[in-house]
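**Q** Mind looking over this structure? Questions follow.
Laboratory data are not the source of any read-out in this text; all were calculated from the coordinates shown. Keep in mind the model is a prediction, meaning the values are calculated, not measured. Here the Cβ is made from the backbone with ideal geometry for all residues, glycine too, and neighbour counts use every protein chain on show.
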């Protein structure tokens, strides 16, 4: 998603290369469009069934269906919310903080539906080689997976009705504004110059911090620290993590917004390297401290590396990608064990420990390791290189997104609690959400 930005002279989003709006007779690049359609399907696969299986494999048997239902329901909810309002608030000019209402209900999509899409207008306009329908669908899949990631923090204890209300509010009032800040040419973080190729701030830090706040507000699971809360079926989790790994190529390489040039290929390569090195470093840390490398540690490490390379994927070379992965694996291991136990919160499936912590690691290391030629254009021939100044821009962007996400999420959880109540009763939690929320159970 940053996919387009760093090619721009003012940008902090890496979307498209800077260029004037296309002429009326401009043609869609069928190769770029084909890759973006493929990437869109890969990113959707990350949520259903990837994340659904990954999270479902890590909860207890009585909550497997309910956990999978959360990812599936969010896919449906956010699809509608994005079409009705979210896309307009995220990707229209508006002001530096929020878009306008000019594309509510996807208004205007029929105009030039078969022509290349230009994001923004005037001097800030950014041209692509794909139709707007493909662009908004690709962005929709990011809008879907972000709130789905949050559910890992409050697994086993939120009402389904609360999930619905909270996700409608959060998608509109948290995700869309942050997306606008970072990836729309008029957004203030875009103009600031902070780097985020595919969602380190918009997706992972945003979701991770929201998950931490949700875990604290809802409180610990009944029996936490005493009952056996071991994963029901790690085979599900391995399959889910494997789908996430493969789908992440659409997430990162797709953020080049096309197949032409070498940036998409480099983004795919560094994604693979970071995931692998993080899986190994997490396993090594676990091996050294606990005596055995667990299956859960291996797959969690891979996800940690994928998270950390996300903001950097269009900016770094293979060597730095290996370093980012190694650091992320150890940071994620610490976030999911030491940090959580030190502070005493119950982040059920380590949404903050992995996505929040490793999202921060990746965003900051991008400011150190960015390789200028990867983002060079005629407007910015030197591209964007790692430096102290760039690192400080990354710090600023990370802090701004984390603070906004934390405060807004807290308020929306409290509103949701007033409207429908947040947490199931103790009795319902002990029986399990499969039966109490959906009237079903697995054999």
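**Q** Please work out which option in (1) 5, 22, 31, 25, 14, 4, 0; (2) 4, 20, 27, 24, 15, 8, 2, 0; (3) 5, 24, 34, 24, 10, 2, 0 gives P(r) over Cα pairs in 10 Å bins from 0, in percent calculated from these coordinates, and answer with its label.
**A** Among (1) 5, 22, 31, 25, 14, 4, 0; (2) 4, 20, 27, 24, 15, 8, 2, 0; (3) 5, 24, 34, 24, 10, 2, 0, the one calculated here is (3).
**Q** Please build a GNM for the chain, connecting alpha carbons under 10 Å apart, and tell me which residue among 402, 382, 153 fluctuates the most.
**A** 382
**Q** For a quick protection proxy, order the peptides 130-139, 324-333, 220-229, 83-92 by their average other-Cβ count within 10 Å, most packed first.
**A** Sorting 130-139, 324-333, 220-229, 83-92 by mean packing, highest first, produces 324-333, 83-92, 130-139, 220-229.
**Q** Along each principal axis of its Cα atoms, how long is the stretch 55-169 end to end? Whole angstroms, biggest number first, please.
**A** 54, 25, 21
**Q** Please report how far the C-alpha centroid of the stretch 372-443 lies from that of the stretch 303-331, rounded to the nearest whole angstrom.
**A** Using only Cα atoms to place each centre, the spacing works out to 19 Å.
**Q** Rounded, prolate or oblate: which fits the stretch 125-173 when a ≥ b ≥ c are the square roots of the eigenvalues of the alpha-carbon gyration tensor, with rounded for a/c under 1.5 and prolate only if a/b beats b/c?
**A** Prolate, because a/c is 1.5 or more and a/b exceeds b/c.
**Q** A further question follows. Cα axis of helix 160-170 to longest principal axis of the chain: angle in degrees, 0 to 90, nearest 10?
**A** Around 30 degrees separate the two axes.
**Q** Restricting to Cα pairs below 8 Å that are 6+ residues apart, what does the relative contact order work out to for the chain? Please round to a whole percent.
**A** With pairs under 8 Å counted, the relative contact order is 24 percent.
**Q** Compute the angle between helix 206-218 and the longest alpha-carbon principal axis of the chain, please, reported from 0 to 90 degrees and rounded to the nearest 10.
**A** Helix 206-218 and the main axis of the chain meet at about 30 degrees.
**Q** Does anyone have the angle between helix 132-150 and the longest principal axis of the chain? Alpha-carbon axes, 0 to 90°, nearest 10?
**A** 30 degrees
**Q** Rg/Rh for the stretch 115-211 to two decimals, with Rh computed the Kirkwood way over all alpha-carbon pairs.
**A** Rg/Rh for the stretch 115-211 comes to 1.03.
**Q** Sticking with this one: Taking 0.36 nm per residue of sequence separation and subtracting the Cα-Cα distance, how much length would be gained by fully extending the chain between residue 107 and residue 427, in nm to one decimal?
**A** Contour length minus Cα-Cα distance gives 110.5 nm.
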